[in-house]
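First the structure, in the form of structure tokens, and then the observations on it.
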Amino acid sequence: MPDVVVVGGGLIGLATAWRLAVAGVEVTICDPTPGAQTSNVAAGMLAPVTEVEFGEDDLLALNLASVNAWPAFAAELEELTGQPAGLHRTGTLSVAYDADDMALLRRVADYQRRLGLEVEDLSGRDARKREPMLATGVSGGVWVPGDHSVDNRQAVATLLRAVELSGVELIRQRVTRIITSGTTATGVQLDNGETIDAGQIVAAAGPWSAQLDGVPQELRPPVRPVKGEVLRLRVPEAYRPALQHTVRATARGFSVYLVPRPGGELVVGATSTELGYDTRVLAGGVFNLLRDARTVLPITDELELVEAIAGLRPATPDNAPVLGPSGLDRLLWATGHYRNGVLLTPVTAQILADTVRTGNLPELAKPFLVSRFGH
Ligand code: GLY
């Protein structure tokens with residue numbers, strides 16, 4: 001019997017399994033298609049500053065801890081596997097198009113400064129000095145040196161290799177049920193009917209976390225899917241690099257982000273719609289993303305549209321993750337990462353590894369217990 005079964009092989013599940021294995025814990029991951037859902041669709045922004053929301057101070061602390069943990073996490077992964085972890089420390093440029101967009105950008109920047117975050121106001125001309133292909137209509141910007149990006153697909157591939165090298169067993173089956181005895185979780189049941197006994201279970205099932213049979217309804221985390229459509233464009237050699245930093249824009253009241261990768265890929269995201277488990281890419285979503293991208297980056301028209309894909313963010317009522325004890329003994333949550341899954345991967349993995357090994361949830365994670373929702 002493994003010490004720990006991890007339910008879900010997205011970035012959070014893979015990283016948690018890896019950190020546990022490094023600490024000498026025997027781990028099994030169950031996922032029919034590891035890394036192929038939310039982790040595959042994400043744009044991979046590490047954006048604790050540019051995605052800060054009014055009133056989310058505990059989440060900001062967790063996000064900052066994780067952005068600071070990414071370099072060492074990536075270095076350790078790369079040393080073990082010889083593969084890139086996908087971290088690109090480029091900084092982020094937030095830009096505004098019209099005067100109303102500018103007013104919003106400055107209001108957010110004032111809030112970021114009040115929180116002690118590093119942001120620098122730029123004129124439209126200074127924004128274009130940093131990114132010469134921005135539209136002449138861009139009226140101003142804010143430079144955020146601490147927000148970066150990760151190529152999420154590289155990170156998945158490298159974590160898959162890392163878990164393999166670390167002796168983690170990967171079972172390509174879906175967990176349909178958490179098996180319980182009284183108030184204790186004792187194992188999992190798989191799609192093929194097999195069961196696995198486990199010393200502890202970490203449920204990292206992303207948007208499907210509230211669907212696990214066997215967990216009493218009143219203990220399930222209030223996680224719901226929020227659909228996001230994302231485009232992947234290819235920048236022709238002649239126009240490279242179209243962008244050197246992540247660019248976030250408010251363009252005529254709409255938000256869009258553009259994340260460049262070193263190989264010439266430009267990721268444009270993302271829509272946000274509450275449509276349950278629907279992952280169809282809708283024409284309107286693609287239209288809106290391209291409309292806003294070309295408003296701030298006119299060269300968008302000349303790029304090849306390589307992929308349009310939709311994924312599901314695991315959202316919670318307060319936009320923050322659910323970490324640690326579940327109300328069932330031996331079952332821990334690592335879910336609900338909503339817009340911050342790639343960012344929160346290192347800190348979540350470390351928190352869960354520490355909790356499994358010591359039985360104590362680290363202080364940083366205490367605001368994120370499922371019990372905050374009245375469970
Ligand atoms: N963090 C970006 C998004 O969820 O769209």
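Pick from Val259, Val235, Val347: which is most flexible by mean-square fluctuation in a GNM of the chain where alpha carbon atoms under 10 Å apart are linked?
Val235
Using bins 20 angstrom wide from zero, how does P(r) for the chain break down, in % of all Cα pairs?
Here the calculated profile for the chain is 30, 56, 14, 0.
Consider all pairwise Cα distances in region 130-186 and report the whole-number % of them above 15 Å.
76
Compare Leu275, Leu46 by solvent-accessible area with a 1.4 Å probe and give them largest first, with all protein chains kept in place.
Descending accessible area places them as Leu275, Leu46.
By per-residue mean of other Cβ atoms within 10 Å, what is the highest-first order of 227-233, 31-37?
Top of the packing list down: 227-233, 31-37.
In a GNM of the chain with a 10 Å cut-off on Cα contacts, which of Gly253, Gly214, Gly263 has the highest mean-square fluctuation?
Largest GNM mean-square fluctuation: Gly263.
Given the DSSP H assignment, sum -39500 (n - 2.57) over each helix run of at least 4 residues in the chain and divide by its residue total; what's the result at 222 nm in deg cm²/dmol, nearest 500?
-9000 deg cm²/dmol
Subtract the Cα-Cα distance of Glu118 and Thr184 from 0.36 nm times their separation in residues, and report this length gain in nm to one decimal.
So the extension gain works out to 19.2 nm.
Roughly speaking, what % of Cα-Cα pairs in region 180-240 are separated by over 17 Å, rounded to a whole number?
That fraction is 58 percent.
Mind grabbing the accessible area of Thr195 for me, 1.4 Å probe, Å², rounded to tens?
The value for Thr195 is about 80 Å².
Which whole number of Å³ per residue matches the convex hull of the alpha-carbon atoms in region 23-90?
Cα-based convex hull of region 23-90, divided per residue, equals 156 Å³.
Which of Ala308, Ala75, Ala365 ends up with the largest GNM mean-square fluctuation for the chain, with Cα atoms connected below 10 Å?
Ala75
Magnitude of the Cβ-charge dipole of the chain, K/R +1 and D/E -1, about the Cα centre, nearest 20 debye?
480
Express in Å², to the nearest 10, the accessible area of Met133 obtained by rolling a 1.4 Å probe over the protein heavy atoms while all chains stay in place.
60
In bins 5 Å wide, starting from 0, what share of all Cα pairs of region 45-186 does each bin hold, as a percent?
2, 8, 14, 14, 13, 12, 12, 9, 6, 5, 3, 1, 0, 0
Put +1 on the Cβ of each Lys and Arg and -1 on the Cβ of each Asp and Glu in the chain; which of Thr246, Pro2, Thr358 then has its Cα farthest toward the positive end of the dipole?
Thr246
Put +1 on the Cβ of each Lys and Arg and -1 on the Cβ of each Asp and Glu in region 151-251; which of Ala205, Val156, Gln189 then has its Cα farthest toward the positive end of the dipole?
Val156
Antiparallel DSSP bridges in the chain: what percent, to the nearest 5?
Approximately 70 percent, going by the DSSP bridge assignments.
In the chain, with Lys and Arg counted as +1 and Asp and Glu as -1 at Cβ, which of these residues, Ile171, Pro221, Ala21, has the Cα nearest the positive end of the dipole, that is, farthest along it?
Working it through, the farthest residue towards the positive pole turns out to be Pro221.
For region 178-299, just the Cα atoms, rotate onto the principal axes and tell me the three extents in Å, largest first.
For region 178-299, the Cα spread along each principal axis is 62, 30, 23 Å.
How many angstrom lie between the C-alpha centres of region 110-161 and region 1-67?
23
Cα axis of helix 283-296 to longest principal axis of the chain: angle in degrees, 0 to 90, nearest 10?
50
How large is the accessible surface of Glu169 in square angstrom, using a 1.4 angstrom probe and rounding to the nearest 10?
Here the accessible area works out near 100 Å².
Determine Rg/Rh for region 264-365; Rg is computed over alpha-carbon atoms and Rh is the Kirkwood hydrodynamic estimate from the same atoms.
Using Cα coordinates only, the ratio equals 1.12.
The values are calculated or read from the model by the stated rules, or taken from the named source; none is laboratory data. The model shown is predicted, which means the values in this text are computed figures rather than measured ones. Every residue, glycine among them, receives a Cβ derived from its backbone with ideal geometry; neighbour counts consider all protein chains shown. These area figures cover heavy atoms from the full protein model, side chains too; ligands, DNA and RNA do not enter into them. Shrake-Rupley method; radii C 1.70, N 1.55, O 1.52, S 1.80 Å.
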